[in-house]
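Everything on this sheet refers to the single structure shown next.
The values are calculated or read from the model by the stated rules, or taken from the named source; none is laboratory data. Note that this is a predicted model, so its numbers are computed, not measured. We place every Cβ from the backbone using ideal geometry, glycine too, and count neighbours over all the protein chains shown. The protein model used for the area step is the full one, side chains on, heavy atoms only, and it has no ligands, DNA or RNA in it. Shrake-Rupley method; radii C 1.70, N 1.55, O 1.52, S 1.80 Å.
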Amino acid sequence: MTDLKPARILAIETSCDETAAAVLENGRLLLASTVASQMEVHARYGGVFPEVASRQHVLAIVPVIEQTLARAHMVLADLDAIAATRGPGLAGALVVGLNMAKGLALGTGLPLVGVNHLEGHIYSAWVHSAEQIPPPEPQFPLMALLVSGGHTELNLMEDHLTYKRLGATRDDAAGEAFDKVARLLGLPYPGGPSVQQAAEEGDPLAFKFPRAWLEGSCDFSFSGLKTAVLNETKKYEDRELPTADMAAAFQAAVVEVLFEKTMKAARECKVKQIIVGGGVSANRPLREAFQGQAEFPVTIPHISLCTDNAAMIAAAGYYRFALGHTDGLEIDVLPTWPLS
Ligand code: KG4
Ligand code: ZN
């Protein structure tokens, strides 16, 4: 879309355990992005501790914004709007980022844009850095596979900001399954990267774990797979767990289902292209599955943009702003805010 007004957006993301800020130009060009991870703080609990997350956001938010503006060689007066994640996510964490954005909007008089975090993951496909040759702009209609820690969805997008949810997980999200299986296999938090790493040494055919195809539906289910891994681990109570083989066989089952079901939906809807977004889109075998097919052009964000960041919030924020969807200072966080 070349006819939208140009704009520089400062975005803030604090929905879970990363305090992030970014400045993006015209919805695509990344000028600066900072992500302060709390991973080490939460690792000792084996997952995100909500109250601790909120306090860490309070400590990190101002330095993260200052650093981001400095890296972009900008001051607040150079911006056109302030965007922030409004939901879904942890209420106490979201409040920190949204209220910071409200304060900045109030102080500068700039418009405020509340962004859906899931929408942000999809819009990460639009972002590129100055060093990159700009990848082609995603073309509508497109099929968006959204795979994060809390969500697994197939959304048909016929235009900007319109999402038709064709299917979603009936139980665990794909990222959640990675995290739970990591725990079963004694692998460290966060589970996705550690399962992927362990799987590199393993044989994906060593175990035949189930695939929930749910024929005739675009929905997903991963709890049966998780239980199958659990049952298999019980056979090794007095022997060493074949961690690498189990990780590889589990990962292969998740990737196969995500890939095949997305391809089927893309064919049925006759889309022009596929987008994959969310933390699990960092998974190497999943990326390779999509990049290895020639039926549809596919956009998967750079690894640094797959897990939570503010560049994706700035991208979605830009299209909301440019298409006239700004918000008043009275908006509140929406901890459960479905995309469609
Ligand atoms: O999008 P995200 O950063 O946060 C949410 O919005 O939930 O996604 C986090 C999820 C976690 O479940 C994490 O284990 C998973 O993404 N993840 C991965 C990989 N990197 C992160 N899953 C599989 N393979 C990876 N390389
Ligand atoms: Zn996320």
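Below is a table of values for the structure above.
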{"quantity": "Hits among aspartates and glutamates - C-alpha to C-alpha of Lys164 under 17 Å, sequence gap 8 or more where chains match", "calculated": "Glu119, Glu153, Asp219, Glu268"}
{"quantity": "For segment 30-43, 3J(HN,Hα) per residue [Karplus equation, 6.51 cos²θ - 1.76 cosθ + 1.60, θ = phi - 60°, Hz, x = Gly/Pro]", "calculated": "7, 9, 6, 8, 10, 10, 9, 8, 9, 3, 4, 5, 7, 4"}
{"quantity": "Over 27 Å between alpha carbons, listed pairs Lys208/Lys234; Lys235/Lys261; Lys235/Lys264", "calculated": "Lys235/Lys261; Lys235/Lys264"}
{"quantity": "Exposure rank, largest accessible area first [Asp203, Asp245, Asp172; 1.4 Å]", "calculated": "Asp203, Asp245, Asp172"}
{"quantity": "Antiparallel content of DSSP bridges confined to the chain, in %, to 5", "calculated": "55"}
{"quantity": "Charge dipole of segment 142-299 about the Cα centre (unit charges at C-beta), most positive-ward option of His160, Thr299, Gly278", "calculated": "His160"}
{"quantity": "In Å², nearest 10: area of Tyr236 left accessible to a 1.4 Å probe", "calculated": "40"}
{"quantity": "Span-like helix ranges in the chain, DSSP H, alpha carbon extent 24 angstrom or more, Kyte mean at least -1.0", "calculated": "50-71, 91-108, 243-268"}
{"quantity": "Rg/Rh (Cα only; Kirkwood hydrodynamic radius) as it applies to segment 142-299", "calculated": "0.99"}
{"quantity": "The chain - charge dipole about Cα centre, Lys and Arg +1 at Cβ, Asp and Glu -1, debye rounded to 20", "calculated": "300"}
{"quantity": "Candidate aspartates and glutamates - alpha carbon under 12 Å from Lys226, same-chain residues fewer than 8 apart omitted", "calculated": "Asp171, Asp172, Glu176, Asp179"}
{"quantity": "Largest to smallest principal axis extent of the C-alpha atoms in segment 82-152, angstrom", "calculated": "37, 30, 23"}
{"quantity": "Gain upon complete extension [Lys5, Tyr45; 0.36 nm per residue less C-alpha separation]", "calculated": "9.8 nm"}
{"quantity": "Ratio of the Cα radius of gyration of segment 1-93 to 2.2 N^0.38 Å, where N counts its residues", "calculated": "1.19"}
{"quantity": "Net charge over other residues, Cβ less than 14 angstrom from the Cβ of Glu13 (K, R count +1; D, E count -1)", "calculated": "-3"}
{"quantity": "Debye equation applied to the C-alpha atoms of segment 1-157, log10 I(q)/I(0) at 0.08, 0.11 Å⁻¹", "calculated": "-0.24, -0.45"}
{"quantity": "Per-selection metrics, segment 192-244 (Cα): Rg and Dmax in Å", "calculated": "13.2, 42"}
{"quantity": "Cα pair distances exceeding 35 angstrom across the chain, given as percent", "calculated": "22"}
